[in-house]
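Peer 1: Next up is a structure, given as structure tokens.
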Amino acid sequence: MTGYTEKIREIAARLLTEGKVDRVIGFRKGTVPMMNQPHYVTSPAMAGELIWDSHCGLNLANYVTDRKERIGIVAKGCDSRNLVTHIIENKIKRDQLVIIGVPCTGMVDRSKVCALVEGEITSVEESDDAITVSGNGFSKTIAKTDVLRENCAVCTHRNPVIHDEMVGEPVAEQTGVDAYASVKKVEALSPEEKWNYFEDLISTCIRCYACRNACPLCYCPTCFVDESRPQWVGKSQDPIDVRTFHLLRAYHCAGRCTDCGACETACPMGIKVREFTKKLNKDCFELYGWEAGLTLDKRPPLDVYKTDDPDDFIR
Amino acid sequence: MKLIKIDKKSLKEGIDKLKRTYGVFGPVREKDEFEFKALGAAEMPDFSFSNTRMSPKAIVYPQTQLMFTYSLNDADDDCRILKEVPMDERPRAVIGIRPCDALAFPLVRRNFDTPEYQDTFWVKAYEATTFVGLACNVPCGTCFCTSAGTSPFGKEGLDVLLVEDGDDLFAEALTPKGEALLETAGWTAEAGGGAEEKITALAATANEQISSTVAFDNIKNREILELYNAPFWEEEGFSCINCGTCTYVCPTCWCFDIQDETYGKSGVRMRNWDTCMSPLFTLHASGHNPRTKKVERVRQRFMHKLKYYVDKYDNGIQCVGCGRCVRLCPVNIDIRSICNKMNNFDSEACKCETASS
Ligand code: SF4
Ligand code: SF4
Ligand code: SF4
Ligand code: SF4
């Protein structure tokens, strides 16, 4: 992955110099360790502001929704799948985009790193497969594989599925991972245990909606939770309303979610909101053999009707 | 300055005594993070935190607060009459609040308790509370309290300041409320010689460790529209996803939304924290929304905290430098950079650039 930053800058500068795009969307270095900021550059001179490392966990497809300009966009595997979904759902046109593909080896979960050290991390260095964090009186090198985000640990689409440029050679896809292991664990619980599991999962939710807003799929002009006439959901901390938000958010992503993990990365309370969407991803895979965002040629299963759609669940 | 010494081993005894008189709140570790919670009979505040993830504002100003109940049943005598929900007005004590968060209470009071208007819900809860601060011996990299009106050993907003020194705590009562609390806890042993010097030394070390600052000295003199129309909002606001994180975690954000919820023939009127980042925040009943664009909402948050508040109250910025929004914003929008941008903004230079390009 070393060298991606230079390559991204080079491509961005070229695209802007040649006038192929009006802006390039990527990440710039954050102001706190292990954080980067979605950012755009509009001139070759600004290209040097772009960077790439293992802290680019947000999904940049979220930043092209309904935009009108020609955009160069830096996209790792999952971002590219959300671009596919966006194109299918008419949220952006393919010919508006120059996709700068990034073969990805996974993004790091900041909270996992913080849990491994005592004290505040003030600086972070990165090599191909390890990160070194240091602070007052400590320095620790951690294998990246030990601190990957959970979605990255089970990702089997690390290489961009569509791209116009590539910043490096494709990486080997992971094999032998069970993408749905976490769902199976929950499926094995009794109804009561499941209830308790999810109650505990969302018990600290503050309804800030960072999970929803970080997700490229959530582009409704007015979300059902924000609708006030009629008001579908209460706006307080009443647990019924909090649950309603989580369940409906997940269902609105059914068959569209790419498991990019942006929702989970964004949550300030560390809530594993993918536990909801992941179950629906599994259902879509088992019922329709479907994984979202892999092809421009097919619409998501819940968008279409086929006479041979599975219907065993209808009794 | 009268200083009390508390042996940490006897802390529990004192806190147990306090629990008989006060509802006691303190930092506790929950799922790897610290939060302020009402302490159960066996629970103790855990001082091994740097600061809590959420601010302690909810102790006085909960995210959801029931204000009134009502009946819509014509057969009831009090049909359609709002009845105030009784508040818990018993004394409460917050043990271990950091100086930045403590300063946030007098700051927010400027809004909730004015000569013209008193928000009785907030005022009653505030007045019932005794604030026992815990000085920050080791501030973190995102703290900028020293340029936001207080410091790691700051006293404003506190009734007692505790300072940790190895196995001991020094306590200084700062108000009669604080004296009463120390008395109730049985913390009365005078610290004796050298304590004051120790505290001064610890405070100096802590101050030196503050590594980030903001400057806002120029902001006051700038025209509102000059900052409002500044070109940097577009770029700085680009990454914002308009979630409620920054405002909900902030000890100084005070906005709320009043909602009625009716179930059949009865209902409640409540208020919930609201956030200027949400389009709904400014949606008028007519359907018109004066802030439809994301960048307008981002600008509002910073203009309110760093310009409108400054102009209105002439008492610093509406930020105490706790750094929560900096640490928790999912897309790394950093109030420190924005504040410095607003402070250094030169509209003349900016015009020249546009003119020449
Ligand atoms: S629901 Fe979460 S994991 Fe799925 S696409 Fe949206 S942000 Fe990505
Ligand atoms: S981001 Fe986290 S806290 Fe915010 S609404 Fe989503 S789950 Fe709740
Ligand atoms: S500044 Fe950050 S925390 Fe605040 S609304 Fe924007 S994205 Fe959310
Ligand atoms: S604006 Fe940010 S740093 Fe300032 S008081 Fe609020 S959360 Fe803390």
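Peer 1: Among B:G141, B:G40, B:G194, which one shows the highest mean-square fluctuation when chain B is modelled as a Gaussian network with alpha-carbon springs under 10 Å?
Peer 2: Answer for the Gaussian network model of chain B: B:G194.
Peer 1: I would also like to ask the following. State which helices in chain B qualify, where a helix is a whole DSSP H run, it must extend 15 Å or more along its own axis by its Cα atoms, and its mean Kyte-Doolittle hydropathy must be at least 0.0.
Peer 2: Length and hydropathy pass: B:99-112.
Peer 1: Follow-up question, since we're still on this one. Sorted by accessible area (1.4 Å probe), largest first, how do A:T175, B:T69, B:T252 line up?
Peer 2: So the residues, ranked largest to smallest area, are A:T175, B:T69, B:T252.
Peer 1: Which helices, taking whole DSSP H runs in chain A, have alpha carbons extending 30 angstrom or more along the helix axis plus mean Kyte-Doolittle at least 1.0?
Peer 2: Within chain A not a single helix satisfies the rule.
Peer 1: Kindly report the accessible area of region A:223-274 per residue (heavy atoms of protein chains, probe 1.4 Å, no ligands, DNA or RNA), in Å².
Peer 2: Solvent-accessible surface per residue comes out at 38 Å².
Peer 1: Also: Need one number: nm distance between label points at A:D178 and A:C220, each 7 Å from Cα along Cα→Cβ, rounded to one decimal.
Peer 2: Computed distance between label sites A:D178 and A:C220 equals 3.5 nm.
Peer 1: Got a sec? Which residues of region B:299-344 lose 50 Å² or more of accessible surface with every protein chain in place, vs. that chain alone, 1.4 Å probe?
Peer 2: Those residues are B:P330, B:N332.
Peer 1: Between region B:251-283 and region A:231-256, what is the separation of their alpha carbon centroids in Å?
Peer 2: Region B:251-283 and region A:231-256 have Cα centres spaced 17 Å from each other.
Peer 1: Rounded, prolate or oblate: which one fits chain A, using the alpha carbon gyration tensor with axes a ≥ b ≥ c (rounded when a/c is under 1.5, else prolate when a/b beats b/c, else oblate)?
Peer 2: Oblate shape, in that a/c is at least 1.5 and b/c is the bigger or equal ratio.
Peer 1: Over the whole of A:228-240, what's the average partner chain Cβ count within 10 Å per residue? Rounded to a whole number, please.
Peer 2: Other-chain Cβ atoms within 10 Å of each residue's Cβ, averaged: 4.
Peer 1: Same structure, new question: If you take the square roots of the eigenvalues of the alpha-carbon gyration tensor of region A:178-304 and sort them as a ≥ b ≥ c, do you get rounded (a/c under 1.5), prolate (a/b over b/c) or oblate?
Peer 2: Oblate is the answer for region A:178-304, as a/c is 1.5 or above yet b/c matches or exceeds a/b.
Peer 1: Any chance you could check region A:84-127 for residues losing 20 Å² or more of accessible area when the partner protein chains are in, compared with the chain on its own (1.4 Å probe)?
Peer 2: For region A:84-127, once contacts with the other chains are taken into account, A:R110, A:E120 lose 20 Å² or more.
Peer 1: Quantify, in whole percent, the carbon and sulfur part of the accessible surface of region A:69-132 (1.4 Å probe; protein heavy atoms only).
Peer 2: Solvent-exposed carbon and sulfur of region A:69-132 make up 48 percent of the total.
Peer 1: Taking only C-alpha pairs under 8 Å that are 6+ residues apart, what is the relative contact order of chain A in percent?
Peer 2: 17
Peer 1: I've got another one for you. What is the set of long-range amide H partners of B:G23 at a cut-off below 5 Å, with H atoms built 1.01 Å from backbone N?
Peer 2: The answer is B:R92, B:A93.
Peer 1: Still on this structure, I have one more. What whole-number value in Å² describes the accessible area per residue of chain B for a 1.4 Å probe?
Peer 2: Per residue, chain B has 44 Å² of solvent-accessible surface.
Peer 1: Along the charge dipole of the protein assembly as shown, which of A:Y4, A:S203, B:M54 sits closest to the positive end, that is, farthest toward it, with unit charges on the beta carbon of Lys, Arg, Asp and Glu (+1, +1, -1, -1)?
Peer 2: Going by the Cα projections, it comes out as A:Y4.
Peer 1: Taking 8 Å as the Cα distance limit and 6 or more residues as the minimum spacing, I'd like the relative contact order of region A:198-273 as a percentage.
Peer 2: 48 percent.
Peer 1: Using amide H atoms built in the peptide plane, which far-off residues or other-chain residues are under 5 Å from A:V171 H to H?
Peer 2: Result for A:V171 returns A:C104.
Peer 1: Follow-up question, since we're still on this one. Given the C-alpha centroids of region A:264-305 and region B:134-154, what is the distance between them in whole angstrom?
Peer 2: Going from one Cα centre to the other spans 44 Å.
Peer 1: A:K20 label point, 7 Å along Cα→Cβ, cut-off 20 Å on backbone N: hits in region A:98-122?
Peer 2: A:98-104
Peer 1: Where nothing but the Cβ of Lys and Arg (+1) and of Asp and Glu (-1) is charged, how large is the charge dipole of the protein assembly as shown around its Cα centre, in debye to the nearest 20?
Peer 2: Its charge dipole is roughly 880 debye.
Peer 1: Heavy atoms only, probe 1.4 angstrom, no DNA, RNA or ligands counted: give me B:K31, A:K185, A:K278 ranked by accessible area, highest first.
Peer 2: A:K185, B:K31, A:K278
Peer 1: Report the FRET efficiency, 1/(1 + (r/R0)^6), for B:V295 and A:K7, where r is their Cβ-Cβ distance and R0 is 41 Å, rounded to 0.05.
Peer 2: Taking R0 as 41 Å, the efficiency between B:V295 and A:K7 is 0.85.
Peer 1: Between region B:1-17 and region B:58-117, what is the separation of their alpha carbon centroids in Å?
Peer 2: If we compute the Cα centre of each part, the gap is 31 Å.
Peer 1: Okay, moving on. I'd like the mean, over residues of A:216-222, of how many other protein chain beta carbons sit within 10 Å of each residue's own Cβ.
Peer 2: Other-chain Cβ atoms within 10 Å of each residue's Cβ, averaged: 1.
Peer 1: Kindly state, to the nearest 0.05, the FRET efficiency for A:E69 paired with A:D312, given R0 = 41 Å and r defined as their beta-carbon distance.
Peer 2: Approximately 0.30, to the nearest 0.05.
Peer 1: Tell me the mean residue ellipticity at 222 nm calculated for chain B from its helices only (DSSP H runs of n ≥ 4, each -39500 (n - 2.57), averaged over every residue, nearest 500).
Peer 2: Taking each H run of at least 4 residues, the total per residue is -9000 deg cm²/dmol.
Peer 1: Rounded if a/c is under 1.5, else prolate if a/b is larger than b/c, else oblate: which is chain B, with a ≥ b ≥ c the root eigenvalues of its Cα gyration tensor?
Peer 2: Because a/c hits 1.5 or more and a/b fails to exceed b/c, chain B counts as oblate.
Peer 1: Another one. Between A:E125 and A:L302, 0.36 nm times their residue separation minus their Cα-Cα distance comes to what?
Peer 2: 59.4 nm
Peer 1: Also, I was wondering about something else. Among B:I241, B:N218, B:A206, whose Cα projects farthest towards the positive end of the dipole of region B:181-283, with charges put on the beta-carbon of Lys, Arg (+1) and Asp, Glu (-1)?
Peer 2: Looking along the dipole axis, the top candidate is B:I241.
Peer 1: With springs connecting C-alpha atoms under 10 Å apart, model chain B as a Gaussian network and identify which of B:G264, B:G237, B:G96 has the largest mean-square fluctuation.
Peer 2: B:G264
Peer 1: Can you give me the distance in nm between label points at B:C79 and B:N340, each placed 7 Å from the Cα along the Cα-to-Cβ direction?
Peer 2: A separation of 6.4 nm, rounded to one decimal place.
Peer 1: List the relative contact order of chain B as a percent without decimals, with contacts defined as Cα pairs under 8 Å and 6+ residues apart.
Peer 2: Once divided by the residue count of chain B, the mean separation gives 21 percent.
Peer 1: Moving on. Enter the mean number of other protein chain beta carbons within 10 Å of the beta carbon of each residue in A:32-43, as an integer.
Peer 2: Averaged over the peptide's residues, the number is 4.
Peer 1: Roughly how big is the A-B contact, given as buried accessible area in Å² (both sides, 1.4 Å probe, nearest 100)?
Peer 2: Interface area, both chains combined: 3200 Å², rounded to the nearest 100.
Peer 1: State to the nearest 20 debye the size of the charge dipole of region A:131-216 about its Cα centre, where the only charges are +1 on K and R beta carbons and -1 on D and E beta carbons.
Peer 2: My answer is approximately 260 debye.
Peer 1: For a quick check, take a GNM of chain A with Cα springs below 10 Å and name the residue from A:D238, A:D146, A:D53 with the largest mean-square fluctuation.
Peer 2: Residue with maximal mean-square fluctuation among A:D238, A:D146, A:D53: A:D238.
Peer 1: Taking 0.36 nm per intervening residue step and subtracting the Cα-Cα distance, what contour gain separates A:W290 from A:D146 on full extension?
Peer 2: Full-extension gain reported as 48.9 nm.
Peer 1: Relative to the Cα centre, what is the charge dipole magnitude of chain B, using +1 at the beta carbon of each Lys and Arg, -1 at the beta carbon of each Asp and Glu, and rounding to the nearest 20 debye?
Peer 2: With only Lys, Arg, Asp and Glu charged at Cβ, the dipole is about 480 debye.
Peer 1: Tell me, what % of the accessible area of chain B is carbon and sulfur with a 1.4 angstrom probe?
Peer 2: On chain B, the fraction of accessible area on carbon and sulfur atoms equals 52 percent.
The values are calculated or read from the model by the stated rules, or taken from the named source; none is laboratory data. The shown structure was predicted, so the numbers you read here are calculated from the model rather than taken from an experiment. As a convention, Cβ positions derive from the backbone with ideal geometry for all residues, glycine included, and neighbour counts pool all protein chains shown. All accessible areas refer to the heavy atoms of the entire protein, side chains included, with ligands and DNA or RNA removed. Shrake-Rupley method; radii C 1.70, N 1.55, O 1.52, S 1.80 Å.
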